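Everything on this sheet refers to the single structure shown next.
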Amino acid sequence: MTTNDWPLWEVFVRSRRGLSHTHAGSLHAPDAELALRNARDLYTRRGEGVSLWVVPSSAITASSPDEKDPFFEPAADKPYRHPTFYEIPEGVQHL
Amino acid sequence: MTVTVDAAALALGDDALVLSHRLGEWAGHAPVLEEEVALANIALDLLGQARVLLSMAGDEDELAYLREERAFRNLQLVEQPNGDFAHTIARQLYFSTYQRLLYAHLASGDGRFAGLAAKAVKEVAYHQDHAEQWTLRLGDGTDISHERMRTACRALWRYTGEMFEPVEGLDVDWEGLRSAWLESVSAVLLRATLDVPEGPPSGAWSAGAGRQGVHTEPFGLMLAEMQHLHRSHPGASW
């Protein structure tokens, strides 16, 4: 088992047209082309998707748990930022 | 007429069944988890094809589990042991290229196999892509991977001639298939910095006759393992 030699990739799957790509998980692969193929085998074999992205995990900059409060806490008590005062017309999907 | 159609269904069905079982043997042993799933996916595609094809020829379970070695009509190529990963990839490259060309041809006609072939050719295109990607990386990789891939391609080359012997009941231009296959495989090997193996010198032994029921020694062992559960518990179900 030499998986440790291979970099980690994050996989994003678009489940159907009109929806955005959603993070599905991660995998190991030696390069981008094989990462895409591994993603096909691991995350779309039951018909889950119509499009795949793979991104090197090292390319992702993530927020730190230490910054949780300054980052996210101030948004908690501002309900006026939520578009809950609009009526959504019938027939609009994916909102 | 029925006999010839059955012969073709058996030949194609046994190819798919036997290679499926060989690939399944990688479960729990593949070099990395991702590759294990990839090989298992290919094995399951082939198993699905085998079930359809064998059902055309008779009862799929009886055909898979109760036939003796000499009654199997698969190519000797697909029964060859997995060997190292390079051997498995070389076997995949040779067979999936053949299967893709053959099924594309069958799908374009209106014969009995057209429906199955049209569905399977998409699966097989992925199998070929998988084999090609790995051939390129192993051949044009490190010194060790290059040497292993070269050894594997040479070792299995002698089993490729048999693929182009006519199968009763299939209307195929076999010589045309051979040259298309050679062109496709050669292009991949050259891109992978591997040389195309040369055929056996005239008069030398070359493998074949799997379609007539003559198989290599490892096949008996594989069948024993594949069939023993069904034979030990006849008629058992989940």
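The values are calculated or read from the model by the stated rules, or taken from the named source; none is laboratory data. Keep in mind that this is a model prediction, so the values were computed, not measured. Methodologically, a virtual Cβ is constructed for each residue, glycine included, from the backbone with ideal geometry; neighbour enumeration extends over all protein chains shown. For the accessible areas, the whole protein counts, side chains as well, though only heavy atoms, and no ligand, DNA or RNA atoms are used. Shrake-Rupley method; radii C 1.70, N 1.55, O 1.52, S 1.80 Å.
Couple of notes before you dig in:
- So B:F72, is it open to solvent by less than 10 Å² (accessible area, probe 1.4 Å), under 16 Å from the mean Cα position of the chain (by Cα) and touching a residue at least 24 places away in the same chain (Cβ under 8 Å): yes
- B:V214 being open to solvent by 30 Å² or more (accessible area, probe 1.4 Å), in a loop (DSSP other than H, G, I, E, B) and β-branched (V, I, T): yes
- Selection from the stretch B:42-59 of residues that are open to solvent by less than 50 Å² (accessible area, probe 1.4 Å) and either assigned to a helix (DSSP H, G or I) or within 23 Å of B:A27 (Cα to Cα) (or both): B:I42, B:A43, B:D45, B:L46, B:G48, B:Q49, B:A50, B:L53, B:L54, B:M56, B:A57
- Looking across B:A107, B:A90, B:A64, one residue alone is away from every other protein chain (no Cβ under 14 Å), farther than 29 Å from B:R158 by Cβ and either crowded, with 24+ Cβ neighbours inside 10 Å or in contact with a helix residue (DSSP H, G or I) (Cβ under 7 Å, 6 or more places away or on another chain) (or both). It is B:A107.
- Enumeration of residues in the stretch B:112-138 that are away from chain A (no Cβ under 14 Å) and either in a loop (DSSP other than H, G, I, E, B) or touching a helix residue (DSSP H, G or I) at 6+ places or on another chain (Cβ under 7 Å) (or both): B:R112, B:F113, B:A114, B:L116, B:A117, B:A118, B:A120, B:V121, B:V124
- Any chance A:S57 is touching a Pro at 6+ places or on another chain (Cβ under 8 Å) and away from every other protein chain (no Cβ under 14 Å): yes
The rows are residues; the columns are (1) over 21 Å from B:A30 (Cα atoms); (2) among the β-branched types (V, I, T).
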{"site": "B:R73", "(1), (2)": "yes, no"}
{"site": "B:Q76", "(1), (2)": "yes, no"}
{"site": "B:T88", "(1), (2)": "no, yes"}
{"site": "B:Q92", "(1), (2)": "no, no"}
{"site": "B:A118", "(1), (2)": "yes, no"}
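- Set side by side, the residues A:D41, A:D66 differ, and just one is closer than 25 Å to B:E35 by Cβ and either away from every other protein chain (no Cβ under 14 Å) or without any contact (Cβ under 8 Å) to a residue 24 or more places away in the chain (or both), which is A:D41.
- Those residues of the stretch B:25-61 which are within 11 Å of another protein chain (Cβ to nearest Cβ) and of a type in the set (G, A, S), in sequence order: B:A30, B:A38, B:A40
- One residue stands out among those in the stretch B:151-162 that are of a type outside the set (S, T, N, Q) and open to solvent by less than 70 Å² (accessible area, probe 1.4 Å): the one that is nearest to B:H87 (Cα to Cα), which is B:A152.
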